[in-house]
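Taking it in order: structure first as structure tokens, then the write-up.
Where a number appears in this text, it was derived from the coordinates with a stated rule and is not lab data. Source: prediction; values computed, not measured. Note: ideal-geometry Cβ built from the backbone for every residue, glycine included; neighbour counts use all protein chains shown.
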Number of protein chains: 4
Amino acid sequence: MTKMTVGIIGAGRIGQLHAEYMMSTSSIELKGICDIHISHLEGTIFEQNVPVITTDPSILLEDETIDAIFICSSTDTHCYYIEKCAEAGKHIFCEKPISFSLEETEAALKKVKELGVNLQIGFNRRFDTHFRKVYQTITDGKVGNPHIIKITSRDPEPPSEEYIQSSGGMFFDMTIHDFDMIRYLSRSEVKAVSVAAANLLGDCFKKYDDVDTAIITLTFEDGSIGVIDNSRQAVYGYDQRIEVFGEKGVVTADNERLSNVQVATKESVILDHPKYFFLDRYKDAFHKEVQQFSEAIINHQPVPCTGEDGLQAQKLAIAAKLAWKENRPVLLNEI
Amino acid sequence: MTKMTVGIIGAGRIGQLHAEYMMSTSSIELKGICDIHISHLEGTIFEQNVPVITTDPSILLEDETIDAIFICSSTDTHCYYIEKCAEAGKHIFCEKPISFSLEETEAALKKVKELGVNLQIGFNRRFDTHFRKVYQTITDGKVGNPHIIKITSRDPEPPSEEYIQSSGGMFFDMTIHDFDMIRYLSRSEVKAVSVAAANLLGDCFKKYDDVDTAIITLTFEDGSIGVIDNSRQAVYGYDQRIEVFGEKGVVTADNERLSNVQVATKESVILDHPKYFFLDRYKDAFHKEVQQFSEAIINHQPVPCTGEDGLQAQKLAIAAKLAWKENRPVLLNEI
Amino acid sequence: MTKMTVGIIGAGRIGQLHAEYMMSTSSIELKGICDIHISHLEGTIFEQNVPVITTDPSILLEDETIDAIFICSSTDTHCYYIEKCAEAGKHIFCEKPISFSLEETEAALKKVKELGVNLQIGFNRRFDTHFRKVYQTITDGKVGNPHIIKITSRDPEPPSEEYIQSSGGMFFDMTIHDFDMIRYLSRSEVKAVSVAAANLLGDCFKKYDDVDTAIITLTFEDGSIGVIDNSRQAVYGYDQRIEVFGEKGVVTADNERLSNVQVATKESVILDHPKYFFLDRYKDAFHKEVQQFSEAIINHQPVPCTGEDGLQAQKLAIAAKLAWKENRPVLLNEI
Amino acid sequence: MTKMTVGIIGAGRIGQLHAEYMMSTSSIELKGICDIHISHLEGTIFEQNVPVITTDPSILLEDETIDAIFICSSTDTHCYYIEKCAEAGKHIFCEKPISFSLEETEAALKKVKELGVNLQIGFNRRFDTHFRKVYQTITDGKVGNPHIIKITSRDPEPPSEEYIQSSGGMFFDMTIHDFDMIRYLSRSEVKAVSVAAANLLGDCFKKYDDVDTAIITLTFEDGSIGVIDNSRQAVYGYDQRIEVFGEKGVVTADNERLSNVQVATKESVILDHPKYFFLDRYKDAFHKEVQQFSEAIINHQPVPCTGEDGLQAQKLAIAAKLAWKENRPVLLNEI
């Protein structure tokens, strides 16, 4: 096996992004795309190059020439498709979060385990060049045991009101990436979560019982501490920074700027902005996660980011929401 | 009045630092130094240049030619001397923290108020070039209302065991500066404090019921959030950074490095270290706080950092200790 | 016309790079590759996807369905193929330098002009994100009229001895890019060239009457001054920086690093290295120059970097060599 | 001898700067100041603290309690006072340049040598923290033998017309510092000098047969190359950078900014400006050069920057002027 054959369920922004990458890489063959609506694919390069475009997922699930399914549909359908894929013997790449319900996720993961397929969760940031370098610095022991892990994660602008309503809330939609990243970097599990959250961007989040700004503090089983700061609106760009402070030093990853150009005049000394759009910022990471998934499948290796990772991140989102609601530290084993 | 005349009580490291600066500036005349031990001043420039060196504070307090007293003695004597100075009609510059006891501080401040002398607390970092620029950026409205204020404050190495024992604990000894800074930058009062703290540097702090690492989260009355991260040991240098994120942007102050030199070789690209010693990092700030105190006294203006500021920082240290002990958010009005 | 159809002559490193990009973009259709040797293409994605792979250039030149030819063969064949392409009515993209002989270049450009085809020269750096931003800063008038233009351009390691022998010398092989860039940024023509050059990397260049290190100073017709510094060996990575200093300010483009990660320990504060390999550093620029060529051809617009640009850069290389040999400023109109 | 006693001749900006520093340091005793005009010193701290303020230099020269004289008068008087000081047996600190005439300088240095006094030239930049670190990086062998040394040295704004007239021209007044620095860093002597210079700031320099912008290229006896770029007007601040590129790497010193603060908004990401005024930028360096002079005198050690250094810098200025006038490389041994 030198190629992985793939079907995609869900042809929204992320589904199309994965599809484009698959079409440009020789180790993946994209055999079909399924969505509940397919009219938006008419006249695109997908229509020209992908053999099957359908509204019926069973066509992909029953296609014996397909090795793996990418689940890029809405979050509330993830677990349903995970189970269907597992039953069909397909390896699975599922976007984050797995679901909003712990029971659903656990049932789906149980089936995945029983039926022995591989499941990778789409925590793309683990594959970002800068964050991967931070991870390697830690695992190389260069900064010693982590004492404090800090993640700054701020979106450039709030999503649409429609999106907010179905997002599951900031902790599920946005912080979920940071929860995975902090577990990934810590290599220890979280013991407790505290939250200070606020509505500082008017009522748009508040009216859906959601927040727009938060400091999330985590204590780890190894005694170290983590802190995530989130905002739904960083007007200067997508702010994605990490700092891991340990007994032997500190490693930091700064933002990617649009260019390395500096302009100094009488009035000011100006740098270029951080990249604004998440697809620009994490373009390479989106590619690498798919590439590494394909390598794992082709070589019968474990996938680099598992269903268990998705489950733990989901638990952290649940704990954060509870900590915020009850204004108290929440132990992970309460969840 | 074109000069302020001064006596110093307490000739330790900070007392001597202030004395040296006073001797180099034309607007201050240092008339006397008092300490319980004075043998360490023999043969120094102080002996040569300061008219009175004594172990008896009443000599300074009763000297009618002295306008102001600098209290640089140990914390447990601060309130005693504040009251004595107020009774003697002297203006007061007192090192931080005012005391370990809220009752003592409040009594001392009451006397200061009744007797109408000026009292400035030695929160020198307010006078640091970089942090002052952050403050001005905020007050100029350039980043809008603050949403998240972050302070990183890490010492390069732990103090001696003897010092730890009498320090009052990390929140009183070290975080007190950050509590003042975050109030100064926020321009709103703190409503509640949460703490995640740890002992990650062995037992040296633990055995005195103290911590060495902490994340302190603060919610402010204006709805914004603050977070301070502290460590007693940043092996790469004194780590002193600030970030204020607001509705219109973000302002950050980075560390001062030993030099702006970069060396790139086949093996590595190396920058110089952050300054290591607090007296190097904040040398100018120590000078400026004294200069501005003298200007306020000479011109009958309010001092830039008051007893009330000292009291609020002390309350925050008490709240942080309680929040840590009881592992819960503590409201400031509980204190 | 919504697509440009292309044949490539010369399937070395650059030819293959262009071919790969063409295969990934929908606006270009790669119809054939020609090289004097084609065995190295067996079993590659080119063999699988490109309709014609041949050793006979006439097959591409005579193919009426081909709009444009990319000339990526060795420099001594460029002018021959430029003329052949022009005669066949093909638009031309030719790698730099056009040739080592001014007469040959002028004859080829004459034919291109007579026969009315488009010719773009492969000065890819004009399309680099950072340098393009420098250019726009200048054309936007933000730094005013340029007074001093500085280019630092240093290769990470010397090429092979075989390459050195046929390279035409450092000025033709390496500085040619900088000559084009400085003309591009200056928007004024060069009046005179001076050179201080050296052999500091042993004899490997000297024995072919070549240099490995140089400072090239240029005076422009508008009175401004330029300076290029070159080295064949920057052990810390590919060093590619630009600075344009003008009456209203200065704009600089710094190197791209492998990551934005910084590691601070007791021993050192380390940044990541500049990118090492020119294909990594300029990957996007190589893509963009091809993309803009295709857009120009499809839309019947002028190409962004013409034969005249190639000619001027070649004249500057000739002038630099003469200035070095005769140790004197050489006027461009001597060439 | 634990203190050096000093007289200052010339109480302009630099003379006063040195005087202030001397008054704040315990290893120097300032015994007298002489200037042709002394009314501007009335009511200053100098009048209050310096025993002798006089218009008669012989009072200082004949004062047997004075060890050293600082010559801070106008350049055309330097050599006269150097000889007078040497005859009086005084050690000498002389501001740069020594003179505009090679004959005068050589005669003065001859007398200094014969009479065995010490002479330090005021090339303060050698004592700058950043440049000193560059120097140490080189002498530690970290970047190997230098191949290219680059100095960027640009004033924030042109001096007054009156100053320009008596400045001796840009090479003598401004580049002289860079000539000394490049010799200091190279540790090899210059063999030849080339210049490309321009008048880009209107006629203010041109009418005094002077230039405002220049690229000066130097070849060293060890085969390496240096380049200095100068401008009389960098509107964004005093631009003082150094880069030494060698066989094993590169070391750079960047500008000092007014603060380490960065402000990012929707419109821009802004850094603070480089320091603007040379007395701010080099304040510490001015102090350190005096301190090291005093240490050398007190401990009977050689001074760190000699008359020979002053002479060589002067020769380079002469060579640069000739190279510019005759538009050709000038050999140092022509001078």
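Taking a sphere under 12 Å around the Cβ of D:Val250 and counting the other residues whose Cβ falls inside, with K and R at +1 and D and E at -1, yields a net charge of +2. Once you have a ≥ b ≥ c as the square roots of the Cα gyration tensor eigenvalues for the protein assembly as shown, tell me rounded if a/c is under 1.5, and otherwise prolate or oblate according to whether a/b is larger than b/c. Oblate, since a/c reaches 1.5 and b/c is not below a/b. Among C:Asp76, D:Asp140, the ranking by other beta carbons within 10 Å of each residue's beta carbon, starting with the fewest, stands as D:Asp140, C:Asp76.
The Cβ shell under 15 Å around A:Ile71 holds other residues with a net charge of -3, Lys and Arg each +1, Asp and Glu each -1. About its Cα centre, the range D:4-117 has a charge dipole of approximately 260 debye under the convention of +1 per Lys or Arg Cβ and -1 per Asp or Glu Cβ, with nothing else charged. Dipole of the range A:4-117 computed with +1 at Lys/Arg Cβ and -1 at Asp/Glu Cβ about the Cα centre; of A:Gly7, A:Val50, A:Ile92, farthest Cα towards the positive end is A:Ile92.
Taking Cβ atoms as reference points and 14 Å as the exclusive limit, the residues near B:Leu41 contribute a net charge of -3, counting Lys and Arg as +1 and Asp and Glu as -1.
Principal-axis analysis of the Cα atoms of chain C puts helix C:78-87 at an angle of about 40° to the longest axis. Restricting to lysines 8 or more places apart or on different chains, can you count the pairs in the range B:162-304 with Cα atoms under 27 Å from each other? So the count works out to 4.
Close Lys pairs in the range B:68-133 (alpha-carbon distance under 21 Å; sequence gap of 8 or more, or different chains): 10.
Taking Cα atoms only, the orientation of helix D:283-298 departs from the longest principal axis of chain D by about 50 degrees. Comparing Cα centroids, the range A:68-90 and the range D:187-232 end up 70 angstrom apart.
The ranking of C:Leu322, D:Leu311 from fewest to most other beta carbons within 10 Å of each one's beta carbon is C:Leu322, D:Leu311. Charge dipole of the protein assembly as shown (Cα centre as origin; +1 on each Lys and Arg Cβ, -1 on each Asp and Glu Cβ, all else neutral): 0 debye, rounded to the nearest 20. Within the same chain, aspartates and glutamates fewer than 8 places from C:Lys31 are excluded, and of the rest, those with a Cα less than 18 Å from its Cα are C:Glu20, C:Glu42, C:Glu47, C:Asp56, C:Glu62, C:Asp63, C:Glu64, C:Asp67, C:Glu295. Relative to the longest principal axis of the Cα atoms of chain C, helix C:129-139 runs at roughly 70 degrees.
Distance from the Cα centroid of the range C:238-316 to that of the range D:280-335 is 38 Å (rounded to whole angstrom).
Our note on the geometry: Cα centres of the range A:17-56 and the range A:104-148, 28 Å apart.
Taking a straight Cα-Cα cut-off under 16 Å and skipping sequence neighbours fewer than 8 places away in the same chain, the aspartates and glutamates within cross-link reach of A:Lys142 are A:Glu243, A:Glu247, B:Glu267, C:Glu267, C:Asp272.
Working from label points 7 Å from Cα in the Cα-to-Cβ sense, the B:Ile45 to B:Tyr208 distance is 3.2 nm. Just check the range D:201-326 against the gyration tensor rule for me: Cα atoms, a ≥ b ≥ c as the square roots of the eigenvalues, rounded for a/c under 1.5, and otherwise prolate or oblate depending on whether a/b exceeds b/c. It is oblate, given that a/c is not under 1.5 and a/b is not larger than b/c.
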